[in-house]
Protein chains: 2
Amino acid sequence: MAKEKMVKSITSRDEDFAQWYTDVVREAQLCDYSSVKGCLNYLPNGYAIWELIQSDLDRRFKETGVENVALPMLIPESLLEKEADHIEGFAPEVAWVTHGGMERLQERLCIRPTSETLFCDLWARTVKSYRDLPKVWNQWNSVLRWEKTTRPFLRSREFLWQEGHTIHATYEEAEERTIQMWHVYEDFYKETMAIPYVSGRKAEHEKFAGAQDTYTVEALMHDGKALQSATSHFFGNGFPDAFDIKYVDKNNQLHSVYETSWGLSTRSIGALIMVHGDDDGLVLPPHLAPVECRVIPIAQHKEGVLDKANELFAELKKAGYRVKIDDSEKSPGWKFSEQEMLGIPTRIEIGPKDIEKNQVVVVRRDNREKIVVSMDEIAVKLREILETIQSDMYDRAKDFLDTHIYTATSLDEMKEEFTKKRGFVKACWCGDPECEGEVKYVTGGAATRCLIEDEEFVSDKCIWCGKPAKHMAYWGKSY
Amino acid sequence: MAKEKMVKSITSRDEDFAQWYTDVVREAQLCDYSSVKGCLNYLPNGYAIWELIQSDLDRRFKETGVENVALPMLIPESLLEKEADHIEGFAPEVAWVTHGGMERLQERLCIRPTSETLFCDLWARTVKSYRDLPKVWNQWNSVLRWEKTTRPFLRSREFLWQEGHTIHATYEEAEERTIQMWHVYEDFYKETMAIPYVSGRKAEHEKFAGAQDTYTVEALMHDGKALQSATSHFFGNGFPDAFDIKYVDKNNQLHSVYETSWGLSTRSIGALIMVHGDDDGLVLPPHLAPVECRVIPIAQHKEGVLDKANELFAELKKAGYRVKIDDSEKSPGWKFSEQEMLGIPTRIEIGPKDIEKNQVVVVRRDNREKIVVSMDEIAVKLREILETIQSDMYDRAKDFLDTHIYTATSLDEMKEEFTKKRGFVKACWCGDPECEGEVKYVTGGAATRCLIEDEEFVSDKCIWCGKPAKHMAYWGKSY
C-alpha cells in the first residue's frame with residue numbers, strides 16, 4: 001500500500017451523506033459491484049462483519065429452539081403462484097431460469113426471492129400429525145430480487161440474509177413466535193449492533209406480501225432517514241391453507257397450521273456504517289469488529305520496539321482478542337488513518353518511551369480518547385475498554401435517536417419537521433393509504449414506518465384528512 | 001412419533017447397499033428430494049452435520065490465512081466463455097437465466113456451477129501491484145449443475161460446498177498453496193471425519209476443466225467403491241491470463257499471476273454415512289455429531305428417575321457437551337433404536353438401580369460396548385469415551401481400507417480383483433485414456449482414482465496395452 005492508496009480520501013458526512021457512504025464502502029473495502037448488474041462482491045472486510053453477525057444471531061436463534069436447514073434456490077412457477085398475494089408481490093421482481101443444460105425446461109423456475117413457498121411445499125408433504133409440530137427452521141442463504149436501482153448493502157439484486165420459517169398447531173403459538181423473533185432482532189440490534197430503534201407493527205399496506213401482520217425494527221441513520229432493519233411476519237393460516245398443510249390432533253381431528261417467517265439481511269451492515277461511521281471512515285462496535293485491536297509500533301526502527309510490539313501482539317492473541325499487528329514500513333500516521341478508516345475499535349501505540357515506562361497507549365476509535373495502560377494489565381484492561389466502547393456507542397446512538405423524534409399534530413408542523421429537521425415524527429392517521437400517499441408527496445417522502453400502539457395519541461385526527469385517527473405512527477423518510 | 005414411524009425398518013447393508021443408503025438417509029431424516037427435480041432439502045439432522053463440517057474446516061482454512069467472501073450466484077455467458085476448457089467442461093450442465101422481472105435479458109446469465117470466472121473477473125479489475133498479492137479467498141455457498149441422475153448427498157443438481165480461490169505472484173507459491181489445501185483436506189478427513197483415504201494427483205484427463213493439476217482425496221466406501229471426497233486444483237497462469245490478470249513487481253515489470261482452487265461439498269456427508277454406518281443406521285464420529293450423547297431414563301415412571309436424569313442432562317450440558325434427553329413416553333427400546341438410527345455416538349442409560357449405585361451406563365454406538373461410570377465422574381469420563389470412539393472409528397475404517405487395497409500386474413488379475421473383491425487396485429498404466437477406457441469396460445467400471453508417485457512400480461508395463469508404464473495408479477469403481 002503506497003501513497004496513491006492513502007486513506008482519508010472521503011467526502012465529509014454532512015456535506016454529502018450519500019457520497020460519504022459510497023466512499024466508506026469503497027475505502028474500507030467492504031464490497032463492490034460485480035460484472036453482473038446490481039449484484040455485489042462481498043469482500044473480506046465486509047464479509048467478516050457478516051460472519052460475526054451470523055454467529056451472534058445464530059446463537060440467539062438456537063437458544064430459542066431454531067434448527068437450521070437448506071432448501072433449494074429454485075422455485076417452480078406453479079409453486080410461486082399458489083398464494084395469490086405472494087405471487088402478486090414477487091412476480092415482477094424474480095429472475096427466471098428457462099433452460100437447463102442444453103434443454104428448454106417444461107416449467108420455468110425462478111430463483112428464490114424468499115422461500116415461504118418451498119417451506120410450505122415441503123411441510124405439505126411431511127407434516128401429518130400434532131407430533132410433527134412445531135417446525136422452527138431457519139436458513140442462511142442469498143436471495144434474488146430484480147431491483148431497478150441498487151446501493152451497496154442497502155438494496156442489491158442478490159443479497160445475503162437469513163430467513164426463518166415456522167409452523168405451529170395454534171394461532172396463539174404462531175403469533176407468540178412472531179413476536180419472540182421480533183424481540184430477538186431488537187435485542188440483537190441493541191446489544192450487538194449498538195443500534196437503537198423504534199419498532200412496532202407495519203401499517204396494513206406495508207406488510208409483507210401474504211402476511212397478516214409484519215413487525216419491524218426501524219433504525220435511524222445519521223442523515224435522519226429510517227432503515228427497515230429486520231422484520232417478523234405472522235401469516236395466520238392463509239399461506240399454509242393455500243398449500244394444504246393440515247395436521248390431525250390427538251383426537252384425530254384435522255386442523256390448519258399457523259405460520260411465521262422472519263428475516264435480517266446484509267442491509268444491517270449498511271445500518272452499521274450509517275449509524276456509527278464518521279468523517280474518518282467506519283466505526284465498528286467491538287462485538288462486530290473482525291479486528292478488535294491493531295497494534296502499531298512507533299519508531300519501530302529503534303532497537304527492541306518491534307520485538308516488544310510482537311510480544312504484546314502474541315499476548316493479546318493468546319488472551320483471545322481478535323488482534324492484528326501492523327509492522328509494515330508505512331509511517332505511523334498512515335497506519336493510524338488506515339486503522340481509523342477500517343473502523344477497528346482500538347489501536348495500541350507502543351514506542352521506545354512506552355517500553356521504558358512499561359506501558360502502552362490505547363486509542364479508542366469512537367471518541368479518540370487515549371488511555372495509558374500498564375503493560376502488565378493490558379490483556380485484562382483491553383476487554384474493559386472494548387466493552388465501554390460498545391456501550392458508549394449505543395448510548396450515543398440512542399441519544400441521537402431520542403433527540404430526533406418529533407411530534408406533529410398538523411400538516412404544517414409535519415412539513416416543517418421534515419424540511420428543517422431529520423428523524424422520526426409521531427403523528428396520527430386515519431389508516432387510509434391515500435392519506436399516507438399525500439403526506440408522502442408533500443413532505444418529500446415521509447411515510448409511516450411503524451404503528452405506535454402503547455402510547456396515548458398526540459391528536460384525535462388524521463394529519464391529512466382530519467377524519468378520526470385510527471393509528472398513531474412513526475413517520476419517516478427511508479432507504 | 002408413534003409405532004408407524006418405528007425405526008429399524010432399513011435394508012441390510014450387505015444385502016442391498018444402495019437401498020440401505022437410501023433407507024438411512026430417509027430414516028435419519030438427513031435430507032429429502034424437493035419439488036424441484038434433482039434438488040435436495042437439507043433437513044435439520046443433515047444440515048447440523050454440515051454446520052459442524054463447516055465450522056471445523058473453516059477454522060483449519062483460517063489458520064492458513066484464508067479469508068471468506070461472497071461473490072454473486074450468476075455468471076454472464078461471456079464471462080463463462082473466456083477460458084476455453086472451462087466452458088467446454090461446464091456449458092452442458094448449467095442452468096440459464098433468460099428473464100429478469102418482466103424483461104428478457106440481453107445476455108443470458110448462468111447459475112454458477114463453480115466460480116473461477118467470477119473470481120478472475122474481480123481480480124482482473126482490482127489486482128494491479130505485487131502489494132495486492134496473494135489473494136487467498138474462500139466462499140461457502142451452493143452451486144448448480146444440471147445432472148441427469150442424482151443421489152442424496154452424492155450427486156444432486158444443487159449442492160452445498162466451499163470453493164477456495166487464490167492467486168499468487170509466483171508459480172511455486174501457487175503450487176505450494178494447492179498442495180497445502182490438499183493436505184488440509186487430508187487432515188480434516190483423518191481427524192474430524194475419522195475417514196482414511198488414498199490420495200494423489202489425478203490423471204491428465206480426470207483433471208478439473210481448465211486445471212493443470214488436480215490433487216484428490218479418495219475415500220473407500222463400505223461397498224468397496226471410491227468416493228472423490230475433496231479436490232485441490234492448480235491452474236498455473238492459464239485461467240488468469242485468459243482474464244488478463246497482471247501485476248507489476250517492485251521494478252515495475254508486468255507479470256502473470258498463478259491460480260488455485262479447492263473444494264469440499266456435502267458429498268462428504270455421503271462418505272460419513274457409507275464409511276461408518278451399519279445395519280442399525282447412521283454412526284457419526286463424535287467430532288461431527290450434532291448430538292454427542294442422549295440421556296435415556298429407564299423405568300422413568302419410578303420416583304426420582306426423571307429428576308436424576310434431568311440433573312445429569314443439565315450437568316453434561318453445563319460441561320459443554322452437545323447433549324439431549326429423551327424423557328418422552330416412548331419405551332426405552334424404542335428410544336435406543338432411534339438413538340442408534342440417528343448415529344448419536346453415545347447414550348446414557350440411567351434407571352433406579354443405577355441411581356442406587358450412584359452410577360450410569362454409557363453405551364457406545366459404534367461397538368455397543370457398555371461402560372459403567374460413576375455419577376461423580378461422568379462429566380469428565382464421557383469426553384474420554386467420545387475421543388476413544390473417534391479414534392476407534394478411524395482405526396476400524398483404516399483397517400478396512402488397508403485390507404482392501406490389492407495389486408494387479410496383469411489384466412486377468414485386475415479383472416479378478418474387481419469381480420471377487422472390493423476396494424482399490426494398484427496397477428501400472430501407459431497413461432493413454434483409451435487404455436483406461438478399455439480397462440473400465442472389462443472391469444465393469446474401474447478407472448484410475450489417483451496416481452501413486454512415491455512408490456516403486458509393481459510392473460513396468462501398462463496393464464492394458466503392455467507398452468511401457470508411465471504411471472502407477474489406484475484403480476477403483478466410484479460414485
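When residues of region B:32-47 are filtered for being surrounded by fewer than 24 Cβ atoms within 10 Å (Cβ to Cβ) and more than 7 Å from chain A (Cβ to nearest Cβ), how many remain?
5
Looking at A:Asn358, is it surrounded by fewer than 19 Cβ atoms within 10 Å (Cβ to Cβ), in the same structural domain as A:Glu315 (by TED's automatic domain parsing) and either under 32 Å from the mean Cα position of the chain (by Cα) or within 21 Å of A:Met393 (Cα to Cα) (or both)?
For A:Asn358, the condition - surrounded by fewer than 19 Cβ atoms within 10 Å (Cβ to Cβ), in the same structural domain as A:Glu315 (by TED's automatic domain parsing) and either under 32 Å from the mean Cα position of the chain (by Cα) or within 21 Å of A:Met393 (Cα to Cα) (or both) - is not met.
Per-residue answers, yes or no, for (1) more than 8 Å from chain A (Cβ to nearest Cβ); (2) assigned to a helix (DSSP H, G or I):
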position: B:Thr114; (1), (2): yes, no
position: B:Thr117; (1), (2): yes, yes
position: B:Cys120; (1), (2): yes, yes
position: B:Trp123; (1), (2): yes, yes
position: B:Asn138; (1), (2): yes, no
position: B:Ser142; (1), (2): no, no
position: B:Lys148; (1), (2): yes, no
position: B:Phe153; (1), (2): yes, no
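Considering only residues that are among the hydrophobic types (A, V, I, L, M, F, W, C) and touching a strand residue (DSSP E or B) at 6+ places or on another chain (Cβ under 7 Å), look in region B:170-185 and name the one that is nearest to B:Phe17 (Cα to Cα).
Going through the qualifying residues, I end up with B:Trp182.
Within region A:415-441, track down each residue that is within 15 Å of A:Gly476 (Cβ to Cβ), of a type in the set (A, V, I, L, M, F, W, C), in a helix (DSSP H, G or I) and modelled with pLDDT of 95 or more.
Correct list: A:Val439 only.
From the set of residues in region B:78-110 that are in contact with an Asp or Glu (Cβ under 6 Å, 6 or more places away or on another chain) and not in a strand (DSSP E or B), which is modelled with the lowest pLDDT?
Going through the qualifying residues, I end up with B:Ile87.
Consider A:Tyr197 carefully, then state whether it is farther than 23 Å from A:Pro113 by Cα, touching a residue at least 12 places away in the same chain (Cβ under 8 Å) and of a type in the set (Phe, Trp, Tyr).
Here the answer is yes, as A:Tyr197 does meet what is asked.
Residues of region A:441-478 being of a type outside the set (Gly, Ala, Ser), within 21 Å of A:Leu227 (Cα to Cα) and either surrounded by fewer than 17 Cβ atoms within 10 Å (Cβ to Cβ) or more than 29 Å from the chain's Cα centre (by Cα) (or both), which ones?
Those that are of a type outside the set (Gly, Ala, Ser), within 21 Å of A:Leu227 (Cα to Cα) and either surrounded by fewer than 17 Cβ atoms within 10 Å (Cβ to Cβ) or more than 29 Å from the chain's Cα centre (by Cα) (or both): A:Tyr441, A:Val442, A:Glu453.
Give all pairs with beta carbons closer than 6 Å in which a residue from region B:284-295 that is touching a residue at least 60 places away in the same chain (Cβ under 8 Å) meets a residue that is surrounded by fewer than 23 Cβ atoms within 10 Å (Cβ to Cβ) and small (Gly, Ala, Ser); count only pairs at least 6 apart in sequence or on separate chains.
Correct list of pairs: B:Pro290/B:Ala48.
Return yes when B:Glu93 is of a type in the set (Asp, Glu), in contact (Cβ under 8 Å) with a residue 60 or more places away in the chain and either within 13 Å of chain A (Cβ to nearest Cβ) or touching a Gly at 6+ places or on another chain (Cβ under 6 Å) (or both) and no when it is not.
Considered against the rule, which asks whether it is of a type in the set (Asp, Glu), in contact (Cβ under 8 Å) with a residue 60 or more places away in the chain and either within 13 Å of chain A (Cβ to nearest Cβ) or touching a Gly at 6+ places or on another chain (Cβ under 6 Å) (or both), B:Glu93 comes out as no.
Can you say whether A:Trp182 is more than 9 Å from every other protein chain (Cβ to nearest Cβ), buried (at least 18 other Cβ atoms within 10 Å of the Cβ), more than 23 Å from A:Lys246 (Cα to Cα) and among the hydrophobic types (A, V, I, L, M, F, W, C), as far as the supplied structure shows?
yes
Just give me the residues in region B:278-304 being closer than 17 Å to B:Phe400 by Cα, surrounded by 23 or more Cβ atoms within 10 Å (Cβ to Cβ) and not hydrophobic (A, V, I, L, M, F, W, C), in sequence order.
Once the filter is applied, which keeps residues that are closer than 17 Å to B:Phe400 by Cα, surrounded by 23 or more Cβ atoms within 10 Å (Cβ to Cβ) and not hydrophobic (A, V, I, L, M, F, W, C), region B:278-304 yields only B:Pro285.
Answer with yes or no whether A:Asp280 is touching an Asp or Glu at 6+ places or on another chain (Cβ under 7 Å) and either on the phi > 0 side of the Ramachandran plot or touching a residue at least 12 places away in the same chain (Cβ under 8 Å) (or both).
Yes, satisfied.
Give me the residue from region A:127-169 that is β-branched (Val, Ile, Thr) and modelled with pLDDT under 95 and, out of that set, nearest to A:Val184 (Cα to Cα).
A:Thr150
Checking the conditions here, which among B:Glu51, B:Glu88 is of a type in the set (D, E, K, R) and facing chain A (nearest Cβ under 10 Å)?
Testing whether each residue is of a type in the set (D, E, K, R) and facing chain A (nearest Cβ under 10 Å) leaves just B:Glu51.
Tell me, please, whether a residue that is surrounded by fewer than 17 Cβ atoms within 10 Å (Cβ to Cβ), in a helix (DSSP H, G or I) and touching a Ser or Thr at 6+ places or on another chain (Cβ under 8 Å) can be found in region B:48-64.
Yes, region B:48-64 contains a residue that is surrounded by fewer than 17 Cβ atoms within 10 Å (Cβ to Cβ), in a helix (DSSP H, G or I) and touching a Ser or Thr at 6+ places or on another chain (Cβ under 8 Å).
When you check B:Phe188 against the structure, is it modelled with pLDDT of 95 or more, touching a Leu at 6+ places or on another chain (Cβ under 7 Å) and either surrounded by fewer than 23 Cβ atoms within 10 Å (Cβ to Cβ) or away from every other protein chain (no Cβ under 14 Å) (or both), yes or no?
Yes: the conditions hold for B:Phe188.
Answer yes or no as to whether A:Asp223 is surrounded by fewer than 24 Cβ atoms within 10 Å (Cβ to Cβ) and either under 23 Å from A:Leu118 (Cα atoms) or out of contact with any Lys or Arg (no Cβ under 9 Å at 6 or more places or on another chain) (or both).
No.
Could you check region A:160-182 and list, in sequence order, the residues that are of a type outside the set (A, V, I, L, M, F, W, C) and under 24 Å from B:Trp140 (Cβ atoms)?
A:Gln162, A:Glu163, A:Gly164, A:His165
The values are calculated or read from the model by the stated rules, or taken from the named source; none is laboratory data. Everything numeric in this text was worked out from a predicted model, so none of it was measured. For neighbour counting, all protein chains shown are included, and Cβ atoms are generated from backbone atoms with ideal geometry for every residue, glycine included.
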